[in-house]
Structures are given as C-alpha cells and as structure tokens.
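Student: Before I ask anything, here is the structure I am working with.
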Amino acid sequence: MNILVLSPYLPHPRSGHGGGEYIFGLVKYLSNSNKVTLLTFADHDEQKLAADLSALPIRVRIVPRWKGRQRNFFATLLLVILRSYQLFRSVLLWQPYYVSKFYHPRMAHLVEEETRNFPYDVVQVEFAQMGQYAGRVHRGKTVLRAHDVVFRPAYRNYKLAQSPLRKLAFFIEWCRWARYEPTMARQFDHVLTFTEQDSRLLQHIARIRHVTCNARGIEPPTSFAPPEQHDREVILFVGAFDHTPNVDAAAWLCSEIFPLIQARCPKARLRLVGRNAPPRLRASAGKNPSISLVGFVRNLEDEYDHASVFVAPIRSGGGIKTKIIHAQSYCLPVVTTPFGAEGIEGENASTIIIGRQARDLAEGAVRLITDPKAAAAMARNGRQAVLRHYTWEAVVRQQEEIYRSLLN
C-alpha cells in the first residue's frame with residue numbers, strides 16, 4: 001500500500017515525548033511492507049534529528065515550526081506576533097487554540113500537493129490538532145489516530161483549575177474542543193484510538209461507528225538490569241514538561257507525595273527527568289536537596305536501570321500513558337493514579353499499584369522500596385503484561401487489516 005502519514009512532531013526515539021516515539025515506530029514498521037511518505041512539522045531542536053530518518057526506507061517532507069525559547073530578541077518578537085495571530089485566529093474561528101497553533105499554510109499546501117500528485121491508498125493523520133487538514137486530502141482513504149479524545153482532558157483541566165481566570169479560560173477551551181473534535185472526526189473514513197474508553201467516548205460525542213481501538217506499539221528492551229540490581233532508594237519520574245499534565249504530576253510529587261515517602265524512607269531520592277521544566281517546578285524541586293531535576297536525558301535506559309520505583313501521579317490529560325508502559329518494559333515497578341493507568345491492557349494488583357490520594361501513592365512507593373521481593377515480582381509481572389499487549393508486530397498487523405478493509 002502507498003501510505004501518507006501526517007505528524008505534528010518529528011518522529012524520533014529521542015523526541016522527548018511519547019507521541020514522537022510512537023510515530024517513529026509506526027513509520028518504521030509500516031515501511032517493512034508498504035511505501036510510506038512522512039509529512040511532518042519540526043521545531044529547531046527536532047530538525048537536528050531529521051537526518052536520522054534517512055536510515056528508514058521512507059520519504060520525508062518537513063515543515064519548520066517555531067516553538068519555545070528563541071535565539072535572539074528579534075526571533076522572540078516574531079514568535080510573540082505569531083502566537084498572537086494564532087490566538088486571534090482561534091477566537092475568530094471558535095477553534096481550540098492548540099489546533100490554531102498547528103495550522104500552517106505550507107502544511108495545507110503540501111497535503112494538497114501530495115494527494116493530488118501521488119496515488120495514496122491511505123492518508124493517516126496523527127493527533128486531533130492535525131485533523132484540520134483532512135479537508136485538504138484529494139486522494140486516499142483518510143484515517144485519524146486520536147492519541148486521546150481531547151474533549152476529556154480539556155474538561156479535566158477546567159475542573160482542576162484553581163483561579164477564576166484560569167477556570168474561565170479552560171472552560172472556553174473545553175467548549176471549543178466539544179465543537180471541533182466531533183465535527184473533525186466525522187470527516188475521516190476511519191478513526192483509531194489507543195483505548196476502548198476513548199473509542200466509546202468518541203463514538204458517543206461524534207455519533208460515529210467507524211472507530212477501532214488499536215494498541216500503542218513499543219519496542220521493549222531485550223537487555224535491562226534485573227530489579228535486584230536497582231538502587232532501592234531512587235524514585236523516578238519521566239515526562240516532557242511542556243505538557244501540562246506532566247508538570248502538574250511532578251509538582252504534586254515534589255510538594256506532597258515525596259515528603260510522605262521521605263518520612264518513612266529518609267534516604268530516598270527523587271529524580272525528575274524531562275525537558276523544559278518551568279520555573280515553578282524548578283522552585284518546588286529546589287526546596288528539597290533529595291530531589292534532582294535532571295532535564296533531558298539522551299539515554300533513558302540508564303535511568304530505568306538505576307531506579308527502584310517509577311512514580312507517575314497523573315491527575316489530568318487523556319489517552320494511554322506511554323511512560324508507564326516504557327517503565328514496565330524495563331522491569332521497573334510502577335505507582336500511579338487511575339488516570340495514569342487508564343486504558344493500559346493487562347494491569348491488575350500484581351502488575352501495578354494504583355492510588356488516588358497522595359498518601360496512597362506514597363504508601364505504595366514505600367512498600368516497594370522496603371520490600372525488594374514484592375517489588376521484583378511486580379516488575380516482572382508488569383513487563384510480561386506489556387509484552388503480551390504492546391508489541392509492534394501485532395499493532396501494525398491489525399492496522400494494515402483495517403486499511404485493507406477500507407480499500408475493499
């Protein structure tokens with residue numbers, strides 16, 4: 001099959017977020033038996049990784065995208081003007097601001113050009129914010145991969161907001177997503193989600209039936225340190241801090257959960273791994289000398305092989321949390337919330353610890369730190385659950401069957 005994939009981020013194992021890792025695996029495994037073209041945005045840092053994609057048998061076209069801290073005042077001023085225009089556009093069109101941030105006339109033109117000039121069988125669009133380009137497709141069956149149903153995390157952000165101004169802003173954004181997402185999903189020939197919960201929710205809010213749950217593939221490591229060799233005192237959190245749910249989780253971990261752990265395990269140390277930590281998180285971590293804000297790490301394997309417990313106190317967001325699956329694949333026991341474990345197949349009391357309150361999460365972490373045998377058993381059970389449900393071969397095989405059924 002001839003497949004075009006649209007991505008908002010340059011796919012790469014070192015992208016620093018789960019979406020980039022997933023799309024890299026997707027195009028890699030699809031290209032084993034299909035002709036794949038990738039059309040992607042890439043910010044300044046991502047463009048440095050673009051050369052690595054040449055190792056894959058795929059065709060790549062990149063649209064540069066400005067993001068984050070700029071190199072000089074003039075570039076910063078231009079980015080402020082651009083973001084102001086995008087905000088105005090989102091207000092004018094009653095469109096989620098995040099969707100407006102990913103509109104680019106160059107991307108729209110390339111989608112039209114590619115689908116006019118090449119005989120694509122399938123055009124797969126990754127993430128809801130890229131769904132706005134569905135109307136530009138001239139040829140090929142359109143498939144949306146909804147990494148989460150944003151309607152739900154948008155509502156959670158509104159409910160969690162404390163200040164009246166933030167609550168109002170999140171309420172407006174939730175209303176925009178409630179209008180945009182169902183309308184956008186109905187434009188596609190088929191929609192893929194990562195969880196059954198998301199499939200049912202999208203079917204309900206969009207009034208569609210062409211939705212399928214197709215798991216998120218990962219490449220589990222073949223070599224890793226056995227749980228008995230990990231440092232019993234080290235607790236790990238991993239997440240890109242330009243994603244609001246990760247900032248909230250890490251801040252809660254620093255301010256409430258970790259102090260409760262320290263009260264029982266005075267030698268415990270917390271490592272926060274992830275790029276773009278905001279000042280408020282730096283300030284929170286800086287109050288405790290046992291907390292290390294590590295920043296971006298090129299080789300996460302070393303972090304997974306060193307820590308004894310992975311704690312992910314996620315309170316917002318949606319979709320499946322890749323960080324938890326990755327930690328389990330490295331034979332690391334996990335403590336998380338119901339939101340963190342949401343949609344992950346094969347989880348039960350023998351594979352993961354789930355708690356709602358800070359004291360429950362702290363108690364779970366302490367139990368794993370102080371009982372190495374129980375921690376090792378849970379780590380191995382968690383890895384086996386991941387191997388049963390999240391291998392790339394099974395994921396891509398199901399996805400290709402969906403493509404064939406659309407074409408027939």
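Student: Go through the stretch 38-63 and give me each residue that's over 23 Å from Pro245 (Cβ atoms), out of contact with any helix residue (DSSP H, G or I) (no Cβ under 7 Å at 6 or more places or on another chain) and open to solvent by 10 Å² or more (accessible area, probe 1.4 Å).
Tutor: Within the stretch 38-63, His44, Gln47, Lys48, Leu49, Ala50, Ala51, Asp52, Ser54, Ala55, Pro57, Arg59 meet the criteria.
Student: Please go through the stretch 20-37 and pick out each residue that is small (Gly, Ala, Ser) and either open to solvent by 10 Å² or more (accessible area, probe 1.4 Å) or more than 16 Å from Arg145 (Cα to Cα) (or both).
Tutor: Ser31, Ser33
Student: Residues that are in contact with a Leu (Cβ under 7 Å, 6 or more places away or on another chain), open to solvent by 20 Å² or more (accessible area, probe 1.4 Å) and without any contact (Cβ under 8 Å) to a residue 12 or more places away in the chain: does the stretch 64-85 have at least one?
Tutor: Yes, some residue in the stretch 64-85 is in contact with a Leu (Cβ under 7 Å, 6 or more places away or on another chain), open to solvent by 20 Å² or more (accessible area, probe 1.4 Å) and without any contact (Cβ under 8 Å) to a residue 12 or more places away in the chain.
Student: Let me ask you something else. Write out, first by first residue and then by second, each pair whose Cβ atoms fall under 9 Å of each other, whose residues are 6+ apart or on separate chains, and whose first residue, in the stretch 138-155, is of a type in the set (Asp, Glu) while the second is in a helix (DSSP H, G or I).
Tutor: Pairs found: Asp148/Ala128; Asp148/Asp198.
Student: May I pose another question? Could you grab me the full set of residues in the stretch 23-71 that are closer than 18 Å to Ile218 by Cβ, out of contact with any strand residue (DSSP E or B) (no Cβ under 6 Å at 6 or more places or on another chain) and either at pLDDT below 90 or of a type in the set (A, V, I, L, M, F, W, C) (or both)?
Tutor: Phe24, Leu26, Leu56
Student: Does Leu4 satisfy the criteria of being in a strand (DSSP E or B) and either closer than 16 Å to Arg145 by Cα or among the aromatic types (Phe, Trp, Tyr) (or both)?
Tutor: Yes: the conditions hold for Leu4.
Student: Same structure again: Check the stretch 163-183 and report whether any residue there is farther than 21 Å from Val91 by Cα and modelled with pLDDT under 95.
Tutor: The answer is yes, given that some residue of the stretch 163-183 is farther than 21 Å from Val91 by Cα and modelled with pLDDT under 95.
Student: Quick one: count up the residues across the stretch 139-162 that are open to solvent by 50 Å² or more (accessible area, probe 1.4 Å) and at pLDDT 95 or above.
Tutor: So the count comes out to 1.
Student: Within the stretch 272-320, track down each residue that is assigned to a loop (DSSP other than H, G, I, E, B), β-branched (Val, Ile, Thr) and modelled with pLDDT of 90 or more.
Tutor: Residue satisfying the conditions is Ile314 alone.
Student: Looking only at the stretch 1-14, which residues are buried (at least 21 other Cβ atoms within 10 Å of the Cβ) and closer than 17 Å to Asp52 by Cα?
Tutor: Residues satisfying the conditions are Ser7, Tyr9, Leu10, Pro11.
Student: How many residues, within the stretch 194-210, are closer than 26 Å to Gly140 by Cα and in contact (Cβ under 8 Å) with a residue 60 or more places away in the chain?
Tutor: The qualifying residues number 3.
Listed here are the residues, each with its yes/no results for (1) touching an Asp or Glu at 6+ places or on another chain (Cβ under 7 Å); (2) outside any helix (DSSP H, G or I).
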{"residue": "Tyr98", "(1), (2)": "no, no"}
{"residue": "Val125", "(1), (2)": "no, yes"}
{"residue": "Ala134", "(1), (2)": "no, no"}
{"residue": "Arg145", "(1), (2)": "yes, yes"}
{"residue": "Arg156", "(1), (2)": "no, no"}
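This table checks each residue for (1) open to solvent by less than 70 Å² (accessible area, probe 1.4 Å); (2) free of Cβ contacts under 8 Å to residues at least 24 places away in the same chain; (3) under 30 Å from Val150 (Cβ atoms).
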| position | (1), (2), (3) |
| --- | --- |
| Phe241 | yes, no, yes |
| Asp248 | yes, no, yes |
| Trp252 | yes, no, yes |
| Pro259 | yes, no, no |
| Ala263 | no, yes, no |
| Pro266 | no, yes, no |
| Arg280 | no, no, yes |
| Ser290 | yes, no, no |
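The values are calculated or read from the model by the stated rules, or taken from the named source; none is laboratory data. As the structure is a prediction and not an experimental result, all values here were calculated from the model. No Cβ is skipped: glycine too gets one built from the backbone with ideal geometry, and neighbour counts run over all protein chains shown. Just the protein is used for accessible areas: all its heavy atoms, side chains included, with ligands, DNA and RNA removed. Shrake-Rupley method; radii C 1.70, N 1.55, O 1.52, S 1.80 Å.
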